[in-house]
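Scroll down for the structure; my scribbles are underneath it.
The values are calculated or read from the model by the stated rules, or taken from the named source; none is laboratory data. What you see is a predicted model; the values in this text were computed from it and never measured. Positions of Cβ are generated from backbone atoms using ideal geometry, with glycine treated the same way; all protein chains shown enter the neighbour counts.
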Amino acid sequence: MPFTLVHERWKCIGCNACVAVSPEHWEMADDGKSDIKESTHKNVPEGILEELDIKEPGPDKDAEEACPVSCIHIKQRDPTNVPNSAQSRLIQEHSGKN
Ligand code: SF4
């Protein structure tokens, strides 16, 4: 099942936890926040939303759980999957026409 790794970058406080547990996909940027390596960037009203398609949650699941401000999300790309969290709905809205 393919997944998409999502980063609500505007919430990031630069604690480095994601880089520590998943250095393959995460790096710290010059502005003190983290970035998903080789991700796409979307401008949403709150800031920058980064996304990267991944095959397995792997260490990024640990990053999602370790993030103190809950700005990392892993969503399944199965179209039959119905998101049920407020955060998933927020991300879906930003990925749409808004
Ligand atoms: S764990 Fe969360 S707050 Fe910390 S650097 Fe990564 S994305 Fe930012």
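Would you please name the residue that is farthest from ASP62 (Cα to Cα), looking only at residues in the range 26-38 that are touching a strand residue (DSSP E or B) at 6+ places or on another chain (Cβ under 6 Å) and within 12 Å of the ligand (Cβ to nearest atom)? Steps first, please.
Pass one, the range 26-38, residues touching a strand residue (DSSP E or B) at 6+ places or on another chain (Cβ under 6 Å): 26-29, 34-37.
The next check asks that each one be within 12 Å of the ligand (Cβ to nearest atom); those that pass are 26-29, 34-36.
On the way: TRP26: 12, GLU27: 15, MET28: 17, ALA29: 20, SER34: 15, ASP35: 16, ILE36: 14 Å.
Looking at the filtered set, the residue picked out is ALA29.
Modelled with pLDDT of 95 or more and either surrounded by 12 or more Cβ atoms within 10 Å (Cβ to Cβ) or more than 11 Å from the chain's Cα centre (by Cα) (or both): is that true of ALA66 in this structure? Let's see the steps before the verdict.
Numbers: modelled with pLDDT of 95 or more: yes; either surrounded by 12 or more Cβ atoms within 10 Å (Cβ to Cβ) or more than 11 Å from the chain's Cα centre (by Cα) (or both): yes.
In short, yes.
Take the residues in the range 50-67 that are outside any helix (DSSP H, G or I) and closer than 17 Å to ILE13 by Cβ, then tell me which one is farthest from the ligand (Cβ to nearest atom).
Kept after step one, since they are outside any helix (DSSP H, G or I), are these residues of the range 50-67: 50-57, 67.
Restricting the remaining residues to those that are closer than 17 Å to ILE13 by Cβ gives 50, 67.
Numbers: GLU50: 10, CYS67: 3 Å.
Checked the range 50-67; the qualifying residue farthest from the ligand (Cβ to nearest atom) is GLU50.
Just to verify a result, which residue in the range 34-46, among those that are within 13 Å of the chain's Cα centre (by Cα) and free of Cβ contacts under 8 Å to residues at least 40 places away in the same chain, is farthest from ARG77 (Cα to Cα)? Write out each step before concluding.
At the first step, the residues of the range 34-46 found to be within 13 Å of the chain's Cα centre (by Cα) are 34-42.
If we keep only those that are free of Cβ contacts under 8 Å to residues at least 40 places away in the same chain as well, we get 34-41.
Working: SER34: 23, ASP35: 21, ILE36: 18, LYS37: 19, GLU38: 18, SER39: 16, THR40: 16, HIS41: 18 Å.
Filtering the range 34-46 for residues that are within 13 Å of the chain's Cα centre (by Cα) and free of Cβ contacts under 8 Å to residues at least 40 places away in the same chain, the one farthest from ARG77 (Cα to Cα) comes out as SER34.
Specify the residue that is surrounded by the fewest Cβ atoms within 10 Å (Cβ to Cβ); the eligible residues are those in the range 10-25 that are of a type outside the set (Ser, Thr, Tyr) and more than 8 Å from the ligand (Cβ to nearest atom).
Within the range 10-25, the subset of a type outside the set (Ser, Thr, Tyr) is 10-21, 23-25.
Filter again for more than 8 Å from the ligand (Cβ to nearest atom), leaving 10, 20-21, 23-25.
Values: TRP10: 13, ALA20: 13, VAL21: 19, PRO23: 12, GLU24: 10, HIS25: 22.
Among them, the one singled out is GLU24.
Of the conditions (1) small (Gly, Ala, Ser); (2) in a loop (DSSP other than H, G, I, E, B); (3) on the phi < 0 side of the Ramachandran plot, ALA20 fails just one. Which one is it?
Unmet condition: (2).
Give the number of residues within the range 36-48 that are surrounded by fewer than 21 Cβ atoms within 10 Å (Cβ to Cβ) and assigned to a strand (DSSP E or B).
Taking the range 36-48 as the starting set, the residues that turn out to be surrounded by fewer than 21 Cβ atoms within 10 Å (Cβ to Cβ) are 37-48.
If we keep only those that are assigned to a strand (DSSP E or B) as well, we get 40-44, 47-48.
Adding up the residues that qualify gives 7.
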